[in-house]
Every structure is written in C-alpha cells, then in structure tokens.
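Undergrad: Okay, handing you the structure first.
The values are calculated or read from the model by the stated rules, or taken from the named source; none is laboratory data. What you see is a predicted model, and the numbers here were worked out from it, not measured in a lab. Cβ placement follows ideal geometry from the backbone for every residue including glycine, while neighbour counts extend to all protein chains displayed. What goes into the accessible areas is simple: the full protein's heavy atoms, side chains included, and nothing from ligands, DNA or RNA. Shrake-Rupley method; radii C 1.70, N 1.55, O 1.52, S 1.80 Å.
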Amino acid sequence: MPKKEEQINSTATVTTKERIKTILGIFLILFSLYNFVIFISFLFTWKVDQSFNWSAVFSGPEVTVENWGGKFGAWFSNLFINKWFGISSLCLPFIILIAGFMLLRIRLLPLGKLIRSGLIATILFSVILGFIFGDTGGYLGSGLGGGHGYFLSRWLISFLGITGTAFLLFILLFALIIFTSGKSLSWMKSMFKKHPKDDFYPGSEPVAEKVRTAEESDDFIESKSPDGLLDFKTKSVAEGENPEDISINHHMGGDGVEMTVEQKKDTDPFVGTTDPERIENFDPTLDLSGYKFPPLDLLTDYKSENSVVSDEELINNKNNIVETLGNYKIQIDKIKATIGPTVTLYEIVPAPGVRISRIKNLEDDIALSLSALGIRIIAPIPGRGTIGIEVPNSKPEIVSMRSIIGSRSFQESKFELAIGLGKTISNDTFIIDLTKMPHLLIAGATGQGKSVGLNTIIASILYKKHPAQVKFIMVDPKKVELSLYNKIEKHYLAKLPDAPEPIITDTKQVVRTLHSLIAEMEDRYNLMRSAKVRDIKEYNAKFIIRRLNPKEGHRYLPYIILIVDEFADLIMTAGREIEMPLARLAQLARAIGIHLVIATQRPSVNIITGAIKANFPARIAFRVISMMDSRTILDSPGANQLVGRGDMLVSTGSDLLRLQCAFVDTPEIEKITDFIHSQQSYPSAHILPEIEDDTSGELDDFDPDAKDELFDKAARLIVEFQQGSTSLIQRKFSIGYNRAGRIIDQLEAAGIVGPYEGSKARQVLIKDMITLEQILNSDISEE
C-alpha cells in the first residue's frame, strides 16, 4: 500500500479511537454524577427503599421509590451502601469521575494510583466503620460500614479480639497513608523533632530555613559559639574527633549569611578528604534558583489545512515520473512516496541493467514534466538501494518552532547543547548536539532563512539551558538582526569589560573579543591541565562534586557560543585579523566548551577560506544562487536546487540531509526575551578576560618618518568631512582595513583625530584646513 494510503488509514483509525474515548469519557463523568446523587439520596430514603430488589427494577409504573435516581438508583445504591461498603462507597463516584476526565485528556490525578488507593480505601474504611459503629441500630440497613464491613469486622473480632483487630486496622490504615502520600519514615520522624525558631535572625526567613535544614539532616549538631551565633559542626566532631579539625560555621553579617569551612589539618576539604555525603554538591544554578524556562505558550503553532499533499498530486507526480523515464526506455520496478513538510521524496527501484547515471542526467526533463522547481535526484540513497527524486510540494507546510520544542525527542534529549533544527522529509524532528559538531557554518542567499535559522538555534538553547550553564557572544555587523537579544544581557550574554553594547557591531570590537576568547581558551586549558581532565564535561562534573578547590582558581565553566550573523562583512573589512583568531578557536576551543556558529550570505572561496572550512565539519546550506556556491559550502551541488523559505541541506560529514527549518518569528523572540528579562538576573553580563589594546602600543611607537604615503591625503579627507572613520578612508582610497586602521592610528598620534570610542566615529580635533596644512607643513620642515 502506498505511503499516502497508509497515512490516511492510520489517521482515520486514530480519529475513530479519539471519538470513542471522548464519548466514553463524557459517559463516565455523567455516570459518576448520577452515582453521587443516588448515594446521597439513599442516606435519606434508605428506610423506604432498602427492601427494593433487582426483580422490581423493570416493574411497571405502579411500583414507586423515594430515591432521586429512580428504581435503578434505589437498587444500585442499596447494593453498594447497605449490602457492601457502607458510606465509604462514596469514594467510587470520585474514581469514576477522574477516569472520565482522563479519557478527555484532562489529567487531574494519576489514574492508576487513584484506582488502587481508592478501592483499597473503600474496603478498609468499610471494615473500620463496621468495627467502630457496628450495625448502629440498623442505620442504613447494615450500619455505616455496610454488610461487608460489619460481617468482616465481626469475624476479625472473633479471631483476634477487639484489641488485636484495632491494632491490625491501625497498621493497615497507616500503611495506606504512607503508600498513598509517598512519605517516608523520616517525614514522621521530623514531626517529633524540635525546630529552631524562625525569628532567630530577625527579618531573615531564608536563613531560618537553612538552619532548619542543617539540623534536620542528622549530619550536624548544634552548639553555641562564643559570640552567640549558631555553630554547626559535623557529627564526627561530636563523636570524639578533635573539634579543631573540621567546622562549618554560619555567620550573619551585614550582607547576609556567610558560610565558612575550616579545617586545621593539612588535608584539603575540596579534594576528597571530607566524607562526600556530608558536603552537598555544588549547584551552578543556585544564584538564580528561581529561574523559570520560557513556557511553550510563547511560541505560535503555525497550522494550515491547505498544506496537506492531496492524493491527486501524488498520483500525477508518480505517473509523470514513470512516463518521463519511459520515454527514454528506462523501466521502473517500484515507486513509493514519502511526504515531507516541503518536499515529497519519490523512491524508485529501476529495472535490472539500468545505469544510475542515465536517470541522474534526466533531472531537468523530470522537472519539466512535473512543472516544478527545485527537483533534486539522489542517486543512490545511502543505505536503501533506491534512487530518490525530491519534488517540492505545491503547498508547503510551515514547521513551527513550537512543534519542535514541544516534541518528545527534544524534551527528552540528553544532549549537552540540544538544537532543534526542523523536520526531515519523513516528518521526524531533527535534533543535533552542538558539542558534537562542534562548530557550525551556515550559508545561503539573502532572504532564504539564515537569520531564522540562527534564531532557531538560539531559541533551542534558551529553552534547554539555565543562564549559569551557557553564555552567548553575539556579533551583528548589520546591527538589526540580533538586537532583540539585548534584553537578556545579564542572563545569557558575555562581553568585554569595557564593551559599550552587549551585541557587538564594530569590527575592531570583534577583533578584541576574538583575542579575549583566545585568552579565555588558554586559561581554561590551564585549569583542565591542573584538574587532570580532558574536556569541559569532565571538568564541571569534578567541580560539582567538589573535587576542585576554588581557592586554586578553579570555577564552574559555562559553555560559550559565538554567534556571527554576517561573516562576509567582517572578512571584507578586517580580513586576516578576523580569520586567523577564528581559525585558531575553531581548531582548539571545542574541548573547553567554546563553540562557533557563523552565518554568511556570500559562500564564495574568498570568504569561506580553506582555514575556515577545514575546522567547520558541520555545515548548513540554505538556497544559494549558483552551483559553485553550493560546492563551496557543502563540497557538492544541491543547495542551488532548494526551494527557499527555510528549505536547507545539513552536512555533518559525508551525508547530506534535507530539512525544513523550524520557523520562529520576531514577535515570538520578543516574547521569549521579555519573559527572561522579567526574571531575576545576574548583576551584569558574563565578563570575558580583559586584553591590552594593541593600538596603544602602535601609538607609542609612531614614527613620523614611517608615515603612510596616503597620510596627508587621508588627513585632508578626515578634516574635510569631519568624520574620523576607518571605513571612510577604506572606501575613498580602495585600501584594506588593516592599512586604513594604521593610518587612523597615525592620525591620532599626530593629534588630528581623537582616541578610539567603540562603535562611534573618532572625534576630529582639527576643524579647518588651514590649521591642518600648518601641521602637515611643520612635519615636512622637521623632516
């Protein structure tokens, strides 16, 4: 059966099951309410209706009852309350009600646990009521416990006596409470402990909670220090060890609670000499312990009923493919279709003796017969033994970011840096781990989905990682694409100490940031060498269990992700100043948790050089203009045959996988950043290592005799336009960024322009041409 027919049959079966569940759920809810009414009615009408039996249920209208549920209600309530379980039967309508809501996908309580606990409680309370109240003078017929409770309790009394029966029922009731509530004996034990008063530290409730937790753990005993403050010491001290050896002191100072660990022996409390059970693991998220991840409701679910591929379209495409190949005497044994969100994959099995190259050469002819753009032939499909023909759907489907984030594969992913890119041709959610890639190169023509792809990557990590676990460095030469993330500066962003903005837009700041990242990389490698580990995962695991001493410089290391939106602009303006540190980071930084995500709209060989490509094994290609661009980014054609609007090819090695990128719109990103911004944050952004500015050294060593030959022309240009801009010199004289930067530094040393001011243009200190000519002439006379 073709794939489409199987999908239709499967959908019809699922729809029928859902309808049955809905009808059954509504029935159970109404039936539970009916039971509740007839049981309550029986409490008032039992004297009249208790003799009513089953044979009279279908009698004529001359037989009347008082129960509010009619004759069936009188018989049913008499059966449960009088003959069976007494008033504990009121648990049953509640169980049926919860089951009905479960069938309607409304989860109020765990159904399995509720049924087990409810039935056991019904039977047990029936016996307890029968034991305590007996038949209560015939009230409700057999008493509050019903016939079952009364007769079973009488049998237990005759077997164990009143005292034994009471003990047995108490034990069973206690066991029911323990198993139902999920509490342990330590919970009951804590109820009888003496707790310190919450107002020990005036006006500081969290401190009281910490003191209580320390005392309840049984690993600490309380004593008073000479200054009257609480002093908690490990139990081993109280059991005979020298109290001078180990102590954990809590002090209340002006800034809150200060906890100090003191050990007078030569051993180090951070390196395994203390019992691990007595020192809690380090929690990097503790500073923002109340942080909440963005809810799924912030994302939009883009559903369209018109995007479904019709049977007619499938059959027409299949017939056209068979007919076109038949025109060239190519016979097909089998053809089947797999429907994806953007394209449909037609897998064909050619007849024996047909050469694959003949089918591959008919790519344009098949596209013509199908009247479609973006036809791509995969000959053969790896691991399947078939030839694939990818045909764009006439009505493509939008893959929402909500469907990716909400999928089970993403929610249950154990990846360190899980990224939900989109969906495959078979509609499977595609999840990758950035730490395994370990860097990502993205290319595509303007408007084909690169910026949306970057937002997808960032949003995936924001939904998975706590601010303490990951930091972003964002470079946006266009100044508008990544500006939405300014709001999460103090949560997720990292920057230089003197950076004016969290999102880097100035080329010189990019160069300084890359050198700062190299310094951070070298510092992290030194820490790992002293910790005797190989990568960041092992290092952080060792730090969390307190096997590394912060006094020796060790610290928890978050992942750092460098996002560059328009790499081509940086290469054009800064060239090797950008390429070389970037290539070094790509070569060495993967093990210490620094990962690069670079996007460009110009995948030409002068932008994506060999040094860059060699260190970016994972690449994503959106639609590009030419086959040459496709070969530059993927080392193979194919990206030039995509249909655009998020259609992309992912290369993680030798194989190419076609995906439809998840779509996340600007309002959705704004909602996510607003939600994160509204929560408690760190005092500032994550600060990168400070590096010395190379320009200062250049100015100190400036020699007027070594002036650039364009110095005078550049000085006149700057004074004429009153704009101290490197890019202005670069454009007017058609020179590179490095040379233009050196000229600007020489102009600063000569007193013509002011110092570097970040992304702003330098201030022009000379206001007229006459003064400038005097300065230039004085330099000539000195020479």
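Undergrad: Where Rh denotes the Kirkwood radius from the mean inverse Cα pair distance, what is Rg over Rh for region 315-399?
TA: Taking Rh as the inverse mean 1/r over Cα pairs, Rg/Rh reads 0.94.
Undergrad: Another question, then. Calculate the length of the line joining the C-alpha centroid of region 637-674 to that of region 494-541, in whole Å.
TA: When both Cα centres are located, 28 Å separates them.
Undergrad: Using 5 Å bins from zero, what percent of all Cα-Cα pairs in region 317-362 falls into each bin?
TA: Using 5 Å bins, I get a P(r) of 5, 20, 32, 24, 12, 6, 1 for region 317-362.
Undergrad: Further, regarding this structure: Considering all alpha-carbon pairs of region 479-621, what whole percent are spaced by more than 25 angstrom?
TA: The share of Cα pairs beyond 25 Å in region 479-621 comes to 34 percent.
Undergrad: For region 325-430, what relative contact order do you get, as a whole percent, if you take Cα pairs closer than 8 Å and at least 6 residues apart?
TA: With pairs under 8 Å counted, the relative contact order is 28 percent.
Undergrad: Pairs K292/K495; K495/K613; K318/K436; K450/K713; K479/K537: which are spaced more than 31 Å apart, C-alpha to C-alpha?
TA: As for pairs spanning more than 31 Å Cα to Cα, those are K318/K436; K450/K713; K479/K537.
Undergrad: All other residues with a Cβ under 13 Å from the Cβ of S413 taken together, and with Lys, Arg as +1 and Asp, Glu as -1, what is their net charge?
TA: Residues close to S413 contribute a combined charge of +2.
Undergrad: Which pairs in the list K464/K490; K478/K508; K360/K423 are over 23 Å apart, alpha-carbon to alpha-carbon?
TA: Cα-Cα > 23 Å for K360/K423; rest within.
Undergrad: When only the heavy atoms of the protein chains count and the probe is 1.4 Å, how do H515, H439 rank by accessible area, highest first?
TA: H515, H439
Undergrad: Using the scaling law 2.2 N^0.38 Å as the reference, what is the normalised Cα Rg of region 557-643?
TA: My calculation over the Cα atoms of region 557-643 gives 1.12.
Undergrad: Further, regarding this structure: Mind ranking D311, D476, D364, D712 by accessible surface for me, highest first, 1.4 Å probe?
TA: Listed by decreasing accessible area, they come as D364, D311, D712, D476.
Undergrad: Scan around L493 for amide H atoms under 5 Å from its own, H built in the peptide plane at 1.01 Å from N, and keep only partners 5 or more places away or cross-chain.
TA: It is F472, H686, by chain and number.
Undergrad: Give me log10 I(q)/I(0) at q = 0.09, 0.10, 0.12, 0.13 Å⁻¹ for region 337-463, Debye formula, one equal scatterer per alpha-carbon, no solvent.
TA: Log10 I(q)/I(0), no solvent term: -0.35, -0.43, -0.60, -0.69.
Undergrad: Let me ask another. At 1.4 Å probe size, with no ligands or nucleic acids counted, give the accessible surface of T344 in Å², nearest ten.
TA: 0
Undergrad: Rank these by accessible area, largest first, 1.4 Å probe: M401, M437, M628.
TA: The most accessible residue leads, giving M628, M437, M401.
Undergrad: Exactly which trypsin sites (Lys or Arg not before Pro) in region 284-350 are in a DSSP loop and have at most 16 other Cβ atoms within 10 Å?
TA: Filter output for region 284-350: K292, K303, K329.
Undergrad: Among A468, I442, I457, whose Cα lies farthest out toward the positive end of the dipole of region 428-481, if unit charges sit on the beta carbon of Lys, Arg (+1) and Asp, Glu (-1)?
TA: Highest projection toward the positive end goes to A468.
Undergrad: Report, in debye and to the nearest 20, how large the dipole of region 521-575 comes out about its Cα centre when Lys and Arg carry +1 and Asp and Glu carry -1 on their Cβ.
TA: 740
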